Each structure stands twice: as structure tokens, then as C-alpha cells.
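Peer 1: Please read through the structure below; I'll follow up with questions.
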Amino acid sequence: MVDLRSQYQQIKTEIDQAIQGVLDSAHFIGGPAVSEFQQAFETYLDVKHVIPCANGTDALQIAMMALGLKPGDEVITPSFTYIATTEVIALLGLIPVFVDVDPRTFCIDPSKIVAVITPKTKAIVPVHLYGQAADMDAIMEIANRHNLFVIEDNAQAIGSDYHSASGNVSKVGSLGHIGCTSFFPSKNLGCYGDGGAMYTNDDALATQLRMVANHGQSKKYKHDIVGCNSRLDAMQAAILCVKLKRLDQYIDARRAVADYYDRVLGASEKITIPFRDPKSKHVFHQYTVQLTGADRDGLQTYLAEKGIPSMIYYPKPAHKQGVFDSFNLGDLDLPVTEELTKKVISFPIHTEMDETQLASICEHILNYVNQN
Ligand SMILES: *Cc1c(COP(=O)(O)O)cnc(C)c1O
């Protein structure tokens, strides 16, 4: 699905130097590489505070802890997402309240949020799925009206711009109270191991996030609240400094791949190409279509035989996963989510794809889809 080796070959000299720099400095945790990345990322996102941490799942968990969410509090989130988003809700003893997604953007449908708000609701966690933003104008309006926190799960849409109704253009992830992201190697801004970050424009929240990520410590050996230990290591930070400079170029490369797929696959009546919301720049973490009247399993098998990977993100919605059995969600009706889990399929997309590869992938897809 991705080609991290070819991408590394393109930037090998700089990456190797960055890693060597960390080895020479012997600052393996914290130190100049981490602060350099933190500042560069703050500038890129145009936010006041970036708080690096160990991975994207931790980022979500620390965000919920820093906001003071307590067991029994309700958190509204989509079920059509990677398990990490909803897992941390359960881990903290919070109650996940699943809302259906918009059939075009695949992100949480704001028109279905108000109906599930109760006095126990504390936060909304929209997920900017596949690289496109949820309807943040509508979500922030609801959150402000009902006094709710918004934590953006921005693991898949880093670098995307959001055009607010007010006319402001801001980076996705910087619109809510806290943005969370992951630097897992295959993400749009990926390191060579695990990594993650939280970001916010709120000074008090930033202090709280830093404390939770660092053993609840306010001063050396002064531990005021329950925290955890979650850090981005210096080698990953040094790698991210090199890759952040290229993020926009990487996004352009992904968008060019998506344009090609759109052009060729859009010709098939059985394929619905991704919707592009004019409010948000799609950064195509995934290129995901919906198949209608074609056998999805068959297509995957056929493509695999030709050496072409494909993936289903996600085959089973969160609310149907065993982890939530105790919440008795059996009757929960999320028709769009259910339908998408049956129809979506994602094709390879990365920064080093060329037209020959794309032409061949598209030819095989159309070959199968048109005959089955
Ligand atoms: C990848 C991802 C995460 C988790 O990130 P990790 O760094 O793997 O912990 C969370 N949410 C979404 C939507 C993701 O895609």
C-alpha cells in the first residue's frame, strides 16, 4: 500500500545525517532534536503549542486525561474509524456514544450529534478520515452551544487545510480544543518507529497536556495528578524534521495519484470515487472508493494474484467490536457506517508512485469490476 523504502532512498543522505547527529549528541530522549521538531511543527500548523508524545493512541488518551474527563462521562465519536479512537475512551472508563458518518465525507455527521447529547456528554472526537476533514464549522458550533470539548483525531489528515465559513483558513487539527496526530511510518508525516503529538492554542491546556504526558509532574519530582510516560524520542524527532520540510510536496504527490485514480476509475459506474469537500483540502492518506454491484472480496483476491495490495478500512465498525460488548450496543442503528464497511476498498497510494504503476493497477481494477 505504501513504498517507504523508495521514499527513504530519495532523502537518505539527509536522514542518515540527522540520525548520526543524534548518535553524536547522545541526547536520545528530549534534547535539541525534539525541541527543533516541536517548533517547526508549531510553525507549520500555526498553533501555539505542540506537545510530542509516543504515538497517536497515547495522544488521544492524554488529551482526554488533560481535559479532566472522568469515568461515566460520555464522548461522542464515529464508529467508522480505526479502533484507537474509541479504545482510549473505554480505557479511561468513559462511555463512547457512536454517531453515524456522512456518506460523502465518511466523517461524523454533525446533523446526528445533537440528538445524542445528554447532561453527561463532555466531548466530541471527530476523525478526519482518509485525509479529509469532518465538518468542523458545524461541529464547533454544536460544541460551543453545548459547552463540549472537541478533540480532533487528525492521525490521517495532517497538512490538510480547512476553509471555515468565517473565511479563515487553518490547518486541520487546530480547530478544536486539542488536535492529535500519529507519526506511524505509513501516515502522511511518518517517522521510522512510533511517534505522535498533541497540539493546542490554549496555554493552560498545553501545560496540562505536558504534565499528563510526563508522569503528572509539574516540577521535578512533584507529581500532582495521575499521568503517564509518553515521549517522542530524539531520533524520531530528527527524522521528522527532515520529513516535515517535504510534507507539502508529499501531499501534492498523493493528490496527483488520487487525480489519476479519479480520472480513470471514475469512468466505471460501479465505482464511486472519493468526494472532495471544497471546505477541506483532501490529503489522501487513503484512496478509498465505494464499490456497487461488484464483488469486493473477488476484486481483492484478483488484485492480490496480480501482486496489487488493497485494503478494507474498516471491515467492522467499532460499535460491533467485542471490546464494546459490555456497552450493549447491539441495537445501535448506524446505517451509513454499516453500508460503508461493506462497500469501501482502498488502493495503493504513496509519494513514489509513477504513471506506469497507476495505469497497471487501474487496468486490473477495471478489468475485474467490469466483468464481475
Ligand atoms: C493511526 C491512527 C491512530 C493511532 O495512531 P498510532 O500512532 O498507531 O497509535 C488513531 N486514529 C486514527 C484514525 C489512525 O489512523
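Peer 1: Hey, among ARG246, ARG254, which residue is within 15 Å of HIS282 (Cβ to Cβ), basic (Lys, Arg) and touching a helix residue (DSSP H, G or I) at 6+ places or on another chain (Cβ under 9 Å)?
Peer 2: On the way: ARG246 fails: within 15 Å of HIS282 (Cβ to Cβ).
Among ARG246, ARG254, only ARG254 is within 15 Å of HIS282 (Cβ to Cβ), basic (Lys, Arg) and touching a helix residue (DSSP H, G or I) at 6+ places or on another chain (Cβ under 9 Å).
Peer 1: Please go through region 272-318 and pick out each residue that is in contact with a Leu (Cβ under 6 Å, 6 or more places away or on another chain) and crowded, with 21+ Cβ neighbours inside 10 Å.
Peer 2: Residues satisfying the conditions do not exist here.
Peer 1: Contact list please: Cβ distance under 8 Å, first residue in region 26-37 and more than 12 Å from PRO52 (Cα to Cα), second residue at pLDDT 95 or above and surrounded by fewer than 14 Cβ atoms within 10 Å (Cβ to Cβ), pairs at least six apart or on different chains.
Peer 2: GLY31/SER25; PRO32/SER25
Peer 1: Test of understanding: among LYS171, LYS120, which residue is at pLDDT 95 or above and surrounded by fewer than 20 Cβ atoms within 10 Å (Cβ to Cβ)?
Peer 2: Details: LYS171 fails: surrounded by fewer than 20 Cβ atoms within 10 Å (Cβ to Cβ).
Answer to the selection: LYS120.
Peer 1: Follow-up question, since we're still on this one. I need the full set of residues from region 43-55 which are open to solvent by 10 Å² or more (accessible area, probe 1.4 Å) and either away from the ligand (no atom under 13 Å from the Cβ) or under 22 Å from LEU148 (Cβ atoms) (or both), in order please. Break it down into steps so the answer makes sense when it comes.
Peer 2: Narrowing region 43-55 to residues open to solvent by 10 Å² or more (accessible area, probe 1.4 Å): 43-44, 46-49, 52, 54-55.
Hits for region 43-55 are THR43, TYR44, ASP46, VAL47, LYS48, HIS49.
Peer 1: Something else now. In region 59-77, which residues are within 16 Å of the ligand (Cβ to nearest atom) and over 13 Å from the mean Cα position of the chain (by Cα)? Break it down into steps so the answer makes sense when it comes.
Peer 2: Step one: filter region 59-77 for residues within 16 Å of the ligand (Cβ to nearest atom), giving 59-65, 75-77.
Correct list: GLN61, ILE62, ALA63, MET64, MET65, VAL75, ILE76, THR77.
Peer 1: Determine whether region 103-118 contains at least one residue that is among the basic types (Lys, Arg), touching a strand residue (DSSP E or B) at 6+ places or on another chain (Cβ under 8 Å) and either within 13 Å of the ligand (Cβ to nearest atom) or under 24 Å from MET1 (Cβ atoms) (or both). Walk me through how you get there before you give the answer.
Peer 2: Start the filter on region 103-118 by keeping residues that are among the basic types (Lys, Arg), which leaves 104, 112.
Right, trim to touching a strand residue (DSSP E or B) at 6+ places or on another chain (Cβ under 8 Å) and you get 112.
Restricting the remaining residues to those that are either within 13 Å of the ligand (Cβ to nearest atom) or under 24 Å from MET1 (Cβ atoms) (or both) gives none.
No - not one qualifying residue is present in region 103-118.
Peer 1: Let me ask something additional. For region 326-335, indicate whether the set of residues that are without any contact (Cβ under 8 Å) to a residue 24 or more places away in the chain, outside any loop (DSSP other than H, G, I, E, B) and open to solvent by less than 60 Å² (accessible area, probe 1.4 Å) is non-empty.
Peer 2: no
Peer 1: Any idea how many residues of region 181-208 are open to solvent by less than 70 Å² (accessible area, probe 1.4 Å), under 21 Å from THR85 (Cβ atoms) and within 16 Å of the ligand (Cβ to nearest atom)?
Peer 2: Here the count works out to 15.
Peer 1: Let me ask something else. Considering every residue within region 29-40, establish whether at least one is of a type in the set (Val, Ile, Thr), in the same structural domain as PHE149 (by TED's automatic domain parsing), open to solvent by less than 40 Å² (accessible area, probe 1.4 Å) and not in a helix (DSSP H, G or I). Give the derivation first.
Peer 2: Initial filter on region 29-40 (of a type in the set (Val, Ile, Thr)): 29, 34.
Retained after the next criterion (residues that are in the same structural domain as PHE149 (by TED's automatic domain parsing)): 29, 34.
Of the ones still in play, those that are also open to solvent by less than 40 Å² (accessible area, probe 1.4 Å) are 34.
Filter once more, so that each one left must be not in a helix (DSSP H, G or I): none.
No, there is no match, as no residue in region 29-40 is of a type in the set (Val, Ile, Thr), in the same structural domain as PHE149 (by TED's automatic domain parsing), open to solvent by less than 40 Å² (accessible area, probe 1.4 Å) and not in a helix (DSSP H, G or I).
Peer 1: I'm told ILE117 meets every condition in (1) among the hydrophobic types (A, V, I, L, M, F, W, C); (2) over 20 Å from TYR199 (Cβ atoms); (3) without any contact (Cβ under 8 Å) to a residue 40 or more places away in the chain except one. Can you identify the failing condition by its number?
Peer 2: (3)
Peer 1: Any idea which of SER346, SER360 is surrounded by 16 or more Cβ atoms within 10 Å (Cβ to Cβ) and more than 30 Å from GLY93 (Cβ to Cβ)? So that I can check it myself, show each step before the final result.
Peer 2: On the way: SER360 fails: surrounded by 16 or more Cβ atoms within 10 Å (Cβ to Cβ).
One residue alone meets the criteria, SER346.
Peer 1: Restricting to region 125-135, name every residue that is within 16 Å of the ligand (Cβ to nearest atom), on the phi < 0 side of the Ramachandran plot and either out of contact with any Ser or Thr (no Cβ under 7 Å at 6 or more places or on another chain) or not β-branched (Val, Ile, Thr) (or both).
Peer 2: Restricting attention to region 125-135, the residues satisfying the condition of being within 16 Å of the ligand (Cβ to nearest atom) are 125-134.
Filter again for on the phi < 0 side of the Ramachandran plot, leaving 125-129, 132-134.
If the condition is that a residue be within 16 Å of the ligand (Cβ to nearest atom), on the phi < 0 side of the Ramachandran plot and either out of contact with any Ser or Thr (no Cβ under 7 Å at 6 or more places or on another chain) or not β-branched (Val, Ile, Thr) (or both), then PRO126, HIS128, LEU129, GLN132, ALA133, ALA134 are the ones that fit.
Peer 1: Would you pick out the residues in region 207-226 that are in contact (Cβ under 8 Å) with a residue 40 or more places away in the chain, out of contact with any helix residue (DSSP H, G or I) (no Cβ under 6 Å at 6 or more places or on another chain) and within 14 Å of CYS53 (Cα to Cα)?
Peer 2: Listed by number, the residues that qualify are ARG210, MET211.
Peer 1: Here's a follow-up. Look at GLY176 and say whether it is part of a loop (DSSP other than H, G, I, E, B), touching a residue at least 40 places away in the same chain (Cβ under 8 Å) and either more than 13 Å from the ligand (Cβ to nearest atom) or open to solvent by less than 10 Å² (accessible area, probe 1.4 Å) (or both). Let's see the steps before the verdict.
Peer 2: Details: part of a loop (DSSP other than H, G, I, E, B): yes; touching a residue at least 40 places away in the same chain (Cβ under 8 Å): yes; either more than 13 Å from the ligand (Cβ to nearest atom) or open to solvent by less than 10 Å² (accessible area, probe 1.4 Å) (or both): yes.
In short, yes.
Peer 1: While we're here: Restricting region 216-269 to residues that are basic (Lys, Arg) and farther than 29 Å from TYR130 by Cβ, which is surrounded by the fewest Cβ atoms within 10 Å (Cβ to Cβ)? Working first, answer last.
Peer 2: Initial filter on region 216-269 (basic (Lys, Arg)): 219-220, 222, 231, 243, 245-246, 254-255, 263.
Imposing the further condition that a residue be farther than 29 Å from TYR130 by Cβ reduces the set to 219-220, 222.
Working: LYS219: 7, LYS220: 5, LYS222: 8.
Checked region 216-269; the qualifying residue surrounded by the fewest Cβ atoms within 10 Å (Cβ to Cβ) is LYS220.
Peer 1: Out of everything in region 138-150 that is open to solvent by less than 40 Å² (accessible area, probe 1.4 Å) and part of a helix (DSSP H, G or I), what residue ends up being nearest to ASP73 (Cα to Cα)?
Peer 2: Kept after step one, since they are open to solvent by less than 40 Å² (accessible area, probe 1.4 Å), are these residues of region 138-150: 138-140, 142-143, 148, 150.
If we keep only those that are part of a helix (DSSP H, G or I) too, we end up with 138-140, 142-143.
Details: ALA138: 22, ILE139: 19, MET140: 19, ILE142: 18, ALA143: 15 Å.
That would be ALA143.
The values are calculated or read from the model by the stated rules, or taken from the named source; none is laboratory data. No experiment lies behind these values; they were computed from the predicted model shown. Cβ: placed from backbone, ideal geometry, glycine included. Neighbour counts: every protein chain shown. The area values use the complete protein model at the heavy-atom level, side chains included, leaving out ligands, DNA and RNA. Shrake-Rupley method; radii C 1.70, N 1.55, O 1.52, S 1.80 Å.
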